[in-house]
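Quick notes on the structure that follows.
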Amino acid sequence: MNKQEWIKAALAAGFDQFEIYQSGTKERSYTWFEGKMDTFTASRVLGTSLRGICGGKMVNYATEDLSDDGMDRIIASMKEQAGAITSDEPGVIRSPLPVPETAPQRRWTTPTAAEVRELLADIEQRVLAYDERIFMVIREGWSEETGTRSIFNSLGMDLEDTDTVQILTCGAAAKDGNDIKNEYRSEIVEDIHTFDRDAFVEKLCTDVLNKLNASSMASGTYPVIFESGAMTALFTAFSSMFSGDLIAKGISPLRDQYGQPVFSGKITITDDPLRREAAQVCPFDDEGCPTSAKTIVDHGVFRTILHNTRSASRINAESTGNGFRGSYASPVEVSPMNCCIEPGDKTLKELCAEMQNGLVITTLAGLHAGINPVTTDFSLQCSGYWVKDGKRDHSVSLVTVAANFLEMMGNVTAVGSDLEWKQHSVVTPSIAFKGCAISGK
Amino acid sequence: MLEKKQLEHYLSECMKSEADFAEIYEELEHSEAIKALNGKTEDVNQVITAGIGIRLYKELESVYAYTNDTSEDSVISLIHDLRDALGSCDKDAAVNLQEVLYENRNPVEIDYESVSLEEKTELLKRANNAAFGTDPRIVKVQTELLNVKQEVQIANSEGRLIRDTRVRTRLMTTAFASENGNLQSGGDRPGAGMGLEFYRTVTPEESGREAARVALVNLAAKDCPSGKMPVIIDNGFGGVIFHEACGHSLEATSVARGMSVFSGKLGTKIAADCVSAVDDGTIPNAWGSQNIDDEGNFQKRRVLIENGILKSYMIDRLNGRRMNMDSTSSSRRESYRFEPTSRMTNTFILPGNDSFEELFEGIERGLYAKKMGGGSVNPQTGEFNFAVNEGYLIENGKISYPVRGASLIGNGAEILKSIDRVCSNLKTGQGMCGSLSGSIPTDVGQPTIRVSSITVGGTANE
C-alpha cells in the first residue's frame, strides 16, 4: 500500500484529513490432546482501517482487500458516508505529539516446535499424574503472536509499535463418582526454559479438585468475597461506566457523578497504559494520542472520565489516551488500558478469616448476558466455596449471585493484596463485600 | 477469488505431504453497520474481509493456516509451514476440481449494496420515531442496521469445488425509558438471511415499538425473587434454553472427545416425552441458514431429539472421523480466520399440544420469562445459565407483576427432563452464537414451554 498516494488521493477528493491505521499479526499455535499434537495453526494477517474527515464528518472504512487500484472506489464510498452522517459532532484526526519512550518490558524467547511439543506433553503427563480423580486434559495449547500496529495520517503522524505474547493454556477435568468438573488456566510464558511448570500444574489441579463434590446452598443474603479472577471478570464487564462517550450519551450509571463519591473509600482505581508489569504496554492509543497514568477513582471519589479524541471534543476536554479499537475493523471506542483496582494489604486467607462465615466466589458464568450496564444490576451463575469460622469448608456450585454493582462497591469490607496482571488489561484483587443475594435451593 | 487452476495447484501442493485430505476455504465478505442515536446517524462502518484458510488432515491430526495475503508466494509459504508440521513427502498428488452447482435456497431480492445510505438510514429513523412515539418516558433511542454479504468458495482434495453467498440483515433497537431518576432499557433485534426486503414483513416501526415496550415494562418492574420455582419460558428467543442447555452439548466438538454430558447417549432418553427438537440449516432465508456448510456439504435438517430420545449429534468432518460417523453438514466458522467445527444453525423445540393458558394452571408461585437474554453452558458438566430480559412473577396461576434482574441456571441433562408442557406456538429469534470457531448467526426457537422447577437468581430480599 502506497500510503502517501492514498492520502494524496483522499485530499484531492475533498477530504480535509485522512488516516491509515494498520494492524498486522503473525501467529503460530499448537493444541495437544491425549498424547498427540492435535492441531497446528499458522497465520499472517494484515488489516487496514481508513478514517477521513469530509465536510467536518468522520467516516470509517476497514478492508483486507487493499490494492491501490481499489483506491478510488473506496474513497468515493467514504465520501458517500460523509453525506449520510447527520450527527452534529465534528470529527477530529489528531496531529502528532511526542509519545513516551518505552523499553521492552519482557524478554521473549521463541521456542522451537520440538520444545513446544515437549512442554505440552510434559504438562499433560504432570496433570494426569497429579491425582487419580483427574481423568482428562482438555484444550491444552500454546500460542505465540507478534502484532504490529501503525498510524499514518495527513497531519504528519507516523507511528508504529510491535508487541509479542506467548501463552500456555491448559484445562483439566476431574471426576468423583458421577460428579464431573473442569477448570482452565492460562499463563504468559516469556521463556519455556525458565517457566515454572510445577506451580502451573499445582494451581490448575488444585482448582479443579476443589470444585468436586460441590453442593448448592440455601437462598439468602450472605457476606461474599469475590476472588481475584471472578472480581476481575465482573469489574471488566462494568468498566465501560467510566467512558466519556457513554457518560455524554447519558447511558453510563456514572452520568451525573463526576467529582462525587461513587464507591467505598477503600476503592482506588487507576489506568496506566504504560504499566510495565501488564501484558501489553501502549505508549500511544489507536488514534496516536500519547498515553499516561490516571487515577479514575480516588478513595471512592470519581476523579477522571476516560476519553478518546471524539468524546473529549464534545466537552472541550483533552483525550486521556483511551481511544482503542476492539480489532482493526472496529471503530475507535473509549476503553481502559491496564486498569486496576489498587490492591490492599490482606491476603485472601486473611479476608476469609475476617469474614468468618460467607461465600467465596471463584468463578462467574454468563457475563455477556447477565449484567445490565445501564443500571448495573447483575444476576450471574457462580461457584466457589463456603467459609466457616474463617476457613474454607465445602465447595458450592449451581447458585447465582445477584446485586447492583454500584451499591455493592459502596459496601466493601476489605480489598485483598492478590493483584496479578496475567494477560488482562483490566484486573482487580479479591474484594470482600458486606452482602449479596445468593440463590440456590 | 482464486481461479480453479490456482486452487488445483495449491491443493496438489498440500497433498505432497503425509496429509490424507486438504481443503481451501476462501471468503470475501462485505459488511456495513450504520448506527444512529436519537435519529441522528453517528457512524457508518464498512468492512471488507477477504482471505483464505488452508486445512490438512492426517488421520485425526489437523493443521490449519490462514492469511489475507493471497499472492502465490504467501500461499505457498503457508502450505510449506503446514507440510512441515505434518510431514512432507514427494508423491504425485494431482487434484482435479469439479464445480458443484445447485439451486440457491436463500434468494435475495434487495441487495443492500444497491441501496443508498440515505435510504438505509431512513429505516433507522422509522424505528427511532416509533420508539419515541410510544410514550413520553422514552428518552433515548439507539438504532443500528447491520448488513452482511459473505461469498465463500470451498475446494478440497476430493475434487469438490462449491460456492455459496450468504446474506443477512438485522435491525437492532435499544430504547431507554426514564422516570424519577430510574433509567431502564429494552431491546429488539430482528434479522434474517435476506436482503432489505425483510423490512417489508418485519417493519422498523414494530421493532422500535417493541424495544420501547420492554423498556417501559422494566421501568415498572420490581426486583426478582430468587429460589427454585416453576418457570414458563415464552416462545421465540426463549429457545436459548435449548441452545444452551442441550444444543452445545450435542455438538461433536464436545461429544467426540467425551467432553459432553450427552457423549455415548445416542438412542437413549435424555428429555421428557413432550420434547422433540431439530437443527435445520435448510429453512429458506432464515438467520442461521446456508446452502452449504463451511466444509462444502449441503445443509440438512437434523432431528436431534424425538419424543425425548436422542437421535443425532451435530458432526463436522474431522470429529466424524473421531466418532466413526458421517458429517451431518454441521461445520461452521465465523470467517477464514477460524478452523471450522460442529455448530448449530436454526435450532428449536418442535410444537406440542398444550395451550398457552394451560401452562399457568396450578402454579402457585413461579416466573414467566417472556424475553430471554443470552446465556452460556459448560458442555462437560452441563451447567448452563441465561438472563431474563423481561419477566413476570406468577402468583396463583396468574401473571402478578413484572420483575427485573433475573437469571436462570441449571443442568442441561436435568432440565430437559423437567419440561412438562409444550405449546403449539413455535416461533424463532435471532442470536449470535460464540464458540471455538468464532461468532456465527444462529436462530433459536421454541413454542412456549413450562419447566417444572429451575433455580431463579434475583435480588429481592424476602
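A quick yes/no check of all residues on (1) in a strand (DSSP E or B); (2) not hydrophobic (A, V, I, L, M, F, W, C):
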position: B:L2; (1), (2): no, no
position: B:Q6; (1), (2): no, yes
position: B:L28; (1), (2): yes, no
position: B:E42; (1), (2): yes, yes
position: B:N45; (1), (2): yes, yes
position: B:G51; (1), (2): yes, yes
position: B:D81; (1), (2): no, yes
position: B:E99; (1), (2): yes, yes
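Based on this model, can you work out whether A:A432 counts as over 13 Å from A:A237 (Cβ atoms), away from chain B (no Cβ under 14 Å) and among the small types (G, A, S)?
Answer is yes for this residue.
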### Query
within 8 Å of chain A (Cβ to nearest Cβ), more than 30 Å from B:T173 (Cα to Cα) and buried (at least 22 other Cβ atoms within 10 Å of the Cβ) - does that describe any residue in the range B:4-17?
no
### Task
Looking only at the range A:299-306, decide whether some residue is surrounded by 24 or more Cβ atoms within 10 Å (Cβ to Cβ), more than 20 Å from A:S150 (Cβ to Cβ), touching a Cys at 6+ places or on another chain (Cβ under 7 Å) and in contact (Cβ under 8 Å) with a residue 24 or more places away in the chain.
no
### Message
So A:L128 ticks every box in (1) more than 14 Å from chain B (Cβ to nearest Cβ); (2) over 21 Å from the mean Cα position of the chain (by Cα); (3) assigned to a strand (DSSP E or B) but one. Which box is left unticked?
### Response
(3)
### Task
Take B:F176 and decide whether it is in contact with a strand residue (DSSP E or B) (Cβ under 6 Å, 6 or more places away or on another chain), modelled with pLDDT of 95 or more and within 14 Å of chain A (Cβ to nearest Cβ).
yes
### Summary
Reported set for the range A:4-38 where residues are within 18 Å of A:S95 (Cα to Cα), surrounded by fewer than 17 Cβ atoms within 10 Å (Cβ to Cβ) and in contact (Cβ under 8 Å) with a residue 12 or more places away in the chain is A:L11, A:D16
### Task
Tell me which of these B:V95 doesn't satisfy, since it passes every other one: (1) buried (at least 18 other Cβ atoms within 10 Å of the Cβ); (2) within 11 Å of chain A (Cβ to nearest Cβ).
(2)
#### Entry: Which listed residue is among the β-branched types (V, I, T), within 7 Å of another protein chain (Cβ to nearest Cβ) and out of contact with any Leu (no Cβ under 9 Å at 6 or more places or on another chain), from B:V47, B:V63
B:V47
### Task
Would you be able to say whether some residue in the range B:441-448 is within 18 Å of B:N346 (Cα to Cα) and outside any strand (DSSP E or B)?
yes
### Query
Can you find even one residue in the range B:298-313 that is touching a residue at least 12 places away in the same chain (Cβ under 8 Å) and in contact with a Phe, Trp or Tyr (Cβ under 6 Å, 6 or more places away or on another chain)?
no
### Query
Of all the residues that make up the range B:248-264, how many are over 19 Å from B:F384 (Cα atoms) and either in contact with a Leu (Cβ under 9 Å, 6 or more places away or on another chain) or outside any loop (DSSP other than H, G, I, E, B) (or both)?
1
### Query
Can you find a residue in the range A:179-200 that is in contact with a strand residue (DSSP E or B) (Cβ under 7 Å, 6 or more places away or on another chain) and polar (S, T, N, Q)?
yes
### Task
Could you please find all residues in the range A:319-366 being touching a His at 6+ places or on another chain (Cβ under 7 Å) and assigned to a loop (DSSP other than H, G, I, E, B)?
A:S319, A:T320, A:N322
### Query
Can we say B:S355 is free of Cβ contacts under 8 Å to residues at least 12 places away in the same chain, in the same structural domain as B:S289 (by TED's automatic domain parsing) and either buried (at least 23 other Cβ atoms within 10 Å of the Cβ) or farther than 19 Å from A:T375 by Cβ (or both)?
no
### Task
Only residues in the range B:266-282 that are more than 17 Å from B:V255 (Cβ to Cβ) and assigned by TED's automatic domain parsing to the domain that holds B:L416 count as the first member; pair them with residues that are surrounded by 18 or more Cβ atoms within 10 Å (Cβ to Cβ) and of a type in the set (S, T, N, Q), Cβ under 6 angstrom, at least 6 apart or cross-chain, and list the lot.
B:D280/B:N346; B:G281/B:S289; B:G281/B:Q290; B:G281/B:Q299; B:G281/B:T345; B:T282/B:Q299
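A quick yes/no check of all residues on (1) surrounded by fewer than 24 Cβ atoms within 10 Å (Cβ to Cβ); (2) within 14 Å of chain A (Cβ to nearest Cβ):
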{"site": "B:S335", "(1), (2)": "yes, yes"}
{"site": "B:P340", "(1), (2)": "no, yes"}
{"site": "B:T347", "(1), (2)": "no, no"}
{"site": "B:A369", "(1), (2)": "no, yes"}
{"site": "B:Q380", "(1), (2)": "yes, yes"}
{"site": "B:F386", "(1), (2)": "no, yes"}
{"site": "B:I409", "(1), (2)": "no, yes"}
### Residue check for A:M78: aliphatic (A, V, I, L, M) and more than 22 Å from A:R310 (Cβ to Cβ)
no
### Query
What pairs can you find where one residue is in the range A:243-263 and at the interface with chain B (Cβ under 9 Å from one of its Cβ atoms), the other is outside any loop (DSSP other than H, G, I, E, B) and among the charged types (D, E, K, R), and their Cβ atoms are less than 9 Å apart, with a gap of 6+ or different chains?
A:K249/B:K140; A:G250/B:K140; A:I251/B:K140; A:R255/A:K249
### Task
Would you mention how many residues in the range A:29-76 are within 30 Å of A:F135 (Cβ to Cβ) and either assigned to a strand (DSSP E or B) or more than 9 Å from chain B (Cβ to nearest Cβ) (or both)?
12
### Message
Please pick out the residue among A:T169, A:T162 that is without any contact (Cβ under 8 Å) to a residue 60 or more places away in the chain, under 24 Å from the mean Cα position of the chain (by Cα) and exposed (fewer than 15 other Cβ atoms within 10 Å of the Cβ).
### Response
A:T162
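Just one of B:D326, B:D354 is in contact with a Ser or Thr (Cβ under 8 Å, 6 or more places away or on another chain) and of a type in the set (D, E); which is it?
After ruling out the rest, the residue left standing is B:D354.
Only one residue in A:A199, A:A218 is of a type in the set (G, A, S), surrounded by fewer than 16 Cβ atoms within 10 Å (Cβ to Cβ) and part of a loop (DSSP other than H, G, I, E, B), so which one is that?
Details: A:A199 fails: part of a loop (DSSP other than H, G, I, E, B).
Step by step, each of A:A199, A:A218 is checked, and only A:A218 is of a type in the set (G, A, S), surrounded by fewer than 16 Cβ atoms within 10 Å (Cβ to Cβ) and part of a loop (DSSP other than H, G, I, E, B).
Give the number of residues within the range A:221-267 that are in a helix (DSSP H, G or I) and not hydrophobic (A, V, I, L, M, F, W, C).
9
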### Message
When you scan the range A:254-261, do you find a residue that is within 28 Å of A:M58 (Cβ to Cβ) and touching a helix residue (DSSP H, G or I) at 6+ places or on another chain (Cβ under 6 Å), even just one?
### Response
yes
### Query
What number goes with the only condition from (1) over 28 Å from B:R166 (Cα atoms); (2) surrounded by fewer than 24 Cβ atoms within 10 Å (Cβ to Cβ) that B:T448 does not pass?
(2)
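The values are calculated or read from the model by the stated rules, or taken from the named source; none is laboratory data. Note that the coordinates shown come from a computational prediction; the quantities given were computed from them, not determined experimentally. Neighbour counts are summed over all protein chains in view; Cβ atoms, including those assigned to glycine, are modelled from backbone coordinates with ideal geometry.
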